[in-house]
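Notes follow the structure.
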Amino acid sequence: MKRLFSLVLVIVVLAVLVPVVGAAPPAQGEEYTVRAGDWLSKLADKYLGDPMAYPAIMKATNVKHAADSSYAYILNPDIIEPGQKLWIPDAEEAAKLVGAATGTPYKIGFCAAITGGGSSLGVPERNTAEMVAAQLTAEGGVVGPDGVGHAVEVIMYDTESNPDTAASVASRLITEDEVDVLVCGTLSGNSMAIMPLAAENEVPYISMASARAIIQDPETKESRKWAFKTPQENLHSGEWQALYLEAKGITKICDLYENTGYGQDCLANTKAAVEAKGIELVYEDTFERSDTEFPQMASVQGSGCEAVVVGAIPPGASMATVAARDTDPNLPVIQGHGVCNQAFIDLAGDAAEGTVFPCGRLMIADLLPDGDPQKAMLLRYAADYTAFTDGEPIDTFGGHALDALLWAKEGLSSLEDGMSLAERRVAVRDYIENNIKDWPGTGGVFNITADDHLGLTYDALTFVKVENGTWVYFPPEQW
């Protein structure tokens, strides 16, 4: 009986002592590589003695990431991947990180085409901004390299798809709201209206539109110091279109493009790319984004072209596709990367079937090999977005917003406390230009330089086809 009592006593003592030992924070911070079955609250319980201290590990890891990209950048505390490198803070560091933000609050100015002709792009951008804002609130903002926390507010406005409105709300964000960084401009024309205001006021500006002129003077070819952008370019899209047309043996094309800055940029880049391949552009014409009738199709039919290229976004891109199918069901239709969303397919209906176009990898994330540098980021965003929006489908335009907002967030995380607004704006601009390197985002793996404020090449896009009302991967070997 005495031996049994002693054994029971030992078991009770061990049961009490083991959690205490396991809960002791490290004497100093340490690296940790995520294993299968890990989650942040589990690690917080093991190393910090409190599962609710998980924000300390998240914030500490993100602080480390700002200086060393080998550390993970944790967007969603519910999602960590095996192989990611985390930083487990010591007790003192953890206490600081989970405390209330004490430094100057930071502000991100956000504006998108939530209404108007560009709303099929702007709404998912707005949704993404709301998601990131909610995550920032849940995280308590950002922590600078000095360990000081800062609340981050995302201030949002609707550009109404109008360049004048875009300029007005951007001016308000800069001068009245006094934001540290601008993430604005769903459409190229809107972004071109915002760009000079950002330059004049020396505010870092990240556009969600594709025209190269937003970030580079088309005449001098010099980078615009204060402007960056996240979408792949119409130049890249044109290169893919030309490769496909060449592979199919097509020698004559027609080009229909919307009467906007985006449409004109599509035409210029498609034209340059196809002519470099010896493909003749025999007819070109423009249409309005809201058009539902296309008398241009009579000229298309009479031109002898073997395919029609469309440079537009929905709804115009969808309606032009319907008109082309009604005119000649066998005429190949090649779109640009402005239709990488469900709205294009929904509006075009059966006419979308068989349409081909270049698109970012976000739309085929689940088909990518496990070693693809973007795959984890893309799947994480897809899961976050659909959960946040109660099942809304992802598209590349929301992804453009995510990349831009995360650049802004990283830039703010690099700031020391006590800097003036002007100093913060300069520092965020410099951070983006000098530190977004080998950065896997939704749009590609970015490498920003002083001469290239996008940092992507044509292979940031891939090629897809519409089949059975959805996108399917359509690589060159299947052409």
- Note on the structure: Only one of Ile108, Ile57 is aliphatic (A, V, I, L, M), at pLDDT 95 or above and either in a strand (DSSP E or B) or over 30 Å from Leu197 (Cβ atoms) (or both), namely Ile108
- Among the residues of segment 260-306, which ones are part of a helix (DSSP H, G or I) and small (Gly, Ala, Ser)? Gly261, Gly263, Ala268, Ala272, Ala273, Ala276, Ala298, Ser299, Gly302, Ser303
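If a residue must be of a type in the set (Ser, Thr, Tyr) and under 12 Å from Gly261 (Cβ atoms), how many such residues does segment 208-229 contain? Even if it seems obvious, please write down each step before you answer.
We begin by selecting, within segment 208-229, every residue of a type in the set (Ser, Thr, Tyr); these are 210, 220, 223.
Those still in the list that are under 12 Å from Gly261 (Cβ atoms) too: 210.
Residues meeting the conditions: 1.
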- Item | Matching entry among Ala199, Ala211, Ala166 (being aliphatic (A, V, I, L, M) and out of contact with any helix residue (DSSP H, G or I) (no Cβ under 7 Å at 6 or more places or on another chain)) | Ala199
- If Asn447 passes every condition in (1) within 30 Å of Gln241 (Cα to Cα); (2) in contact with a helix residue (DSSP H, G or I) (Cβ under 9 Å, 6 or more places away or on another chain); (3) among the polar types (S, T, N, Q) but one, which one does it miss? (2)
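Give the residue that is modelled with the highest pLDDT, with candidates limited to residues of segment 1-34 that are in a loop (DSSP other than H, G, I, E, B) and surrounded by 11 or more Cβ atoms within 10 Å (Cβ to Cβ).
Going residue by residue through segment 1-34, those that are in a loop (DSSP other than H, G, I, E, B) are 1, 24-29, 34.
Okay, now just the ones that are also surrounded by 11 or more Cβ atoms within 10 Å (Cβ to Cβ), so 24-26, 28-29, 34.
Details: Ala24: 58, Pro25: 61, Pro26: 70, Gln28: 82, Gly29: 90, Val34: 96.
Within segment 1-34, the match that is modelled with the highest pLDDT is Val34.
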- Task: Filter segment 326-385 for residues that are closer than 20 Å to Cys266 by Cβ and among the aromatic types (Phe, Trp, Tyr) and give the result.
- Result: Phe344, Phe357
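Per-residue answers, yes or no, for (1) buried (at least 21 other Cβ atoms within 10 Å of the Cβ); (2) assigned by TED's automatic domain parsing to the domain that holds Glu130; (3) over 24 Å from Trp407 (Cβ atoms):
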{"site": "Ser41", "(1), (2), (3)": "no, no, yes"}
{"site": "Ala44", "(1), (2), (3)": "yes, no, yes"}
{"site": "Gly49", "(1), (2), (3)": "no, no, yes"}
{"site": "Ile57", "(1), (2), (3)": "yes, no, no"}
{"site": "Asp68", "(1), (2), (3)": "no, no, no"}
{"site": "Asp78", "(1), (2), (3)": "no, no, no"}
{"site": "Glu81", "(1), (2), (3)": "no, no, no"}
{"site": "Glu92", "(1), (2), (3)": "no, no, yes"}
{"site": "Ala113", "(1), (2), (3)": "yes, yes, no"}
- Message: With the requirement that a residue be in contact (Cβ under 8 Å) with a residue 40 or more places away in the chain, part of a helix (DSSP H, G or I) and out of contact with any Ser or Thr (no Cβ under 9 Å at 6 or more places or on another chain), what does segment 351-380 give you?
- Response: Leu367, Ala376, Arg380
- Going through segment 394-416 one residue at a time, which ones are closer than 13 Å to Met208 by Cβ and not in a helix (DSSP H, G or I)? Asp395
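Could you tell me which of the residues Thr102, Thr165 is over 21 Å from the mean Cα position of the chain (by Cα) and surrounded by fewer than 17 Cβ atoms within 10 Å (Cβ to Cβ)? Lay out the reasoning, then the answer.
Working: Thr165 fails: surrounded by fewer than 17 Cβ atoms within 10 Å (Cβ to Cβ).
Only one candidate passes the filter, namely Thr102.
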- Message: Based on this model, can you work out whether Val322 counts as part of a helix (DSSP H, G or I), within 34 Å of the chain's Cα centre (by Cα) and more than 22 Å from Val466 (Cα to Cα)?
- Response: no
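Select, from Ala383, Ala408, Ala404, the only residue that is touching a residue at least 24 places away in the same chain (Cβ under 8 Å), over 22 Å from Cys184 (Cβ atoms) and of a type in the set (Gly, Ala, Ser).
Ala383
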- Query: Being modelled with pLDDT under 95, within 30 Å of Ser290 (Cβ to Cβ) and either surrounded by fewer than 21 Cβ atoms within 10 Å (Cβ to Cβ) or of a type in the set (Asp, Glu) (or both), is that true of even one residue in segment 375-384?
  - Reply: no
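The values are calculated or read from the model by the stated rules, or taken from the named source; none is laboratory data. None of the values given here were measured: they were computed from a predicted structure. Please note: Cβ atoms are built from the backbone with ideal geometry, for glycine as well, and neighbour counts cover all protein chains shown.
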